[in-house]
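All remarks here apply to the structure that follows.
The values are calculated or read from the model by the stated rules, or taken from the named source; none is laboratory data. Source: prediction; values computed, not measured. Ideal geometry is used to build each Cβ from the backbone, glycine not excepted, and the neighbour counts take in all protein chains shown. SASA here: full protein model, heavy atoms, side chains in, ligands and nucleic acids out. Shrake-Rupley method; radii C 1.70, N 1.55, O 1.52, S 1.80 Å.
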Amino acid sequence: MMPLDIDTLRLDFPILAHTVNGQPLVYLDNAATTQKPRAVLDALNHYYQSQNANVHRAAHALSGQATQAFEAARAKVARFINALDDRQVIWTRGTTEAINLVAYSFGMHSLKANDEILLSTMEHHANIVPWQQVAAATGAIIKVIPLATDAELDMEAAAALFSTRTKLLAVSHISNALGAINPIKQLIAMAKAVGAVTLIDGAQAVGHFPVDVQALDCDFYVFSGHKMFGPTGIGVLYGKRELLEAMPPWQTGGEMIKKVSFEQTSFGELPFKFEAGTPNIAGAIGLGAGIDYLSGLDRAAIAKHEQALMAQLLAGLNAMPEVRIIGRPQAGAVSFVINEVHPQDVATLLDMQGIAVRTGHHCAMPLMQALDLPQGTIRASIAFYNSADDITALLAGLDKAREFF
Ligand code: PMP
């Protein structure tokens, strides 16, 4: 296990040495996408330079090698989230496609009129809109767990919303907009008590701490490779075997079949049943390399380092009277506003200093509406390669913004 030396670790991420607008890059937009270590970039390069071939059609050596590397990456993901079986890991384009797969395969076929789908106010649009499509097609009804004070989920209200009509709970592990860690264990237990299926949107969680899908006992867990140091265009749907077996395919075509005639088609086994067409082979291999990289680090030390950065950031923001922190950030992201100043104006001023943050509704418009924040927020989001200097630079940049506005 490598000791955690942030300055040395930063050297693994070539982009962090870049300048932006003539200033050293301070990258605090990790909730949108993380930077990639050289190990991931090298894996992509190696695949395309030395192994490029299509998978599962192994009539020649290269195809065999590509298939082996592609399936090895699936096994890495399975171990990474402690799935029982590699076949429970379905490759998707990302979190959005994974949720759509469950919505269109499970949701469209299993839900009926007046069945209830329980979401939370904090959901990303990716975990709202597919369910609205399911509701519109099936007559199912969407219910929403409201916020309590401090923008946390109102667990009393949640308890009252669960009933035998609840057929699906779909909630985020960590809110991308607020950095709140949701009490998903409690919510999963409530869902189980009424026999509802559970989907956890782990897009913001997997890069910050180990996730154990068996310990969580959720039915589905979804995430994106690009938010955990892997490439874009690759993501994961984890599902319980019996559910995945029972679900019909979503997309159809090559790769996912057993036998095709013009009269009828029989479908392949898991996981191929859900992987129509040529997959993102390089992306999967790149994500596998990202997992190897992350697994080689001391994740407890990473979590401690990230907590220290969060504490530094929160203390600095709390010392600025014009700043209001939204909710109670716990991991990854901190959202805030500066009096009446438009968040975009603050971000532009920060960008001139080489500091990357995100502003706006963070794909969580219903949350911004519930919080009465029509212009959204400024969001700074961290990864383990951020340093105390990055936070100091952000706070200094915000000082300038406070003077300027
Ligand atoms: N859910 C959450 C909580 C997210 O943060 C994101 C990405 N911002 C998504 C879903 C969608 O992920 P992707 O765009 O990678 O599909």
Review point. So who's got an amide H within less than 5 Å of the one on E116, skipping anything under 5 residues away but keeping other chains? H placed 1.01 Å off N, in plane.
Key: I141, T166, K167, L168
Revision key, fill the gap. Filtering the chain for DSSP H helices with an axial alpha carbon extent of at least 18 Å and a Kyte-Doolittle mean of at least 0.5 returns 281-295
Exercise for review: Could you work out which residue, out of S261, S335, S381, moves most in a Gaussian network model of the chain, that is, has the largest mean-square fluctuation with Cα springs under 10 Å?
Suggested key: S261
Point to revise | P(r) of the chain over all Cα-Cα pairs, binned every 10 Å from zero, in whole percent | key: 5, 22, 30, 25, 14, 4, 0, 0
**Study point:** For segment 1-147: relative contact order, % (alpha-carbon pairs under 8 angstrom, 6 or more apart)
**Key:** 13 percent
Review point. Once amide H atoms are placed 1.01 Å from N in the peptide plane, what residues at a sequence separation of 5 or more from I355, or on another chain, have their amide H within under 5 Å of its amide H?
Key: V26
Exercise for review: Show which aspartates and glutamates lie in cross-link reach of K273 when reach means a straight Cα distance below 20 angstrom and same-chain residues fewer than eight apart are skipped.
Suggested key: E71, D85, D86, E97, D219, E242, E245, E255, E263
Point to revise | Heavy-atom accessible area per residue - segment 284-405, 1.4 Å, Å² | key: 40 Å²
Check your understanding: Of all the accessible heavy-atom surface of the chain, with the other protein chains kept in place and a 1.4 Å probe, what percent is carbon and sulfur?
Key -> 54 percent
Point to revise | Sum of -39500 (n - 2.57) over DSSP H runs of 4+, divided by residues of the chain (222 nm, nearest 500) | key: -11000 deg cm²/dmol
**Study point:** Part-to-part distance (alpha-carbon centres) for segment 4-51 and segment 73-103, which is given in Å
**Key:** 24 Å
Revision key, fill the gap. P(r) over all Cα-Cα pairs of segment 98-140, 10 Å bins from 0 to the longest distance, whole percent per bin, short to long, reads 32, 58, 10
Check your understanding: Given charges of +1 on the Cβ of Lys and Arg and -1 on the Cβ of Asp and Glu, with all other atoms neutral, how large is the dipole of the chain about its Cα centre, in debye to the nearest 20?
Key -> 800 debye
Point to revise | Pairwise centroid distance, computed over Cα atoms, of segment 220-241 with segment 292-315, Å | key: 21 Å
Exercise for review: Under 1.5 on a/c is rounded, so check that first for segment 325-405, then, if it is not, pick prolate when a/b is larger than b/c and oblate when it is not; a ≥ b ≥ c are the square roots of the alpha carbon gyration tensor eigenvalues.
Suggested key: oblate
**Study point:** Accessible area in square angstrom per residue, segment 74-219, 1.4 angstrom probe
**Key:** 35 Å²
**Study point:** Cross-link table K36/K167; K185/K240; K143/K240; K185/K304; K143/K192, entries beyond 27 Å C-alpha to C-alpha
**Key:** K36/K167
Review point. For segment 106-125 and segment 355-396, what is the separation of their Cα centres, given in Å?
Key: 28 Å
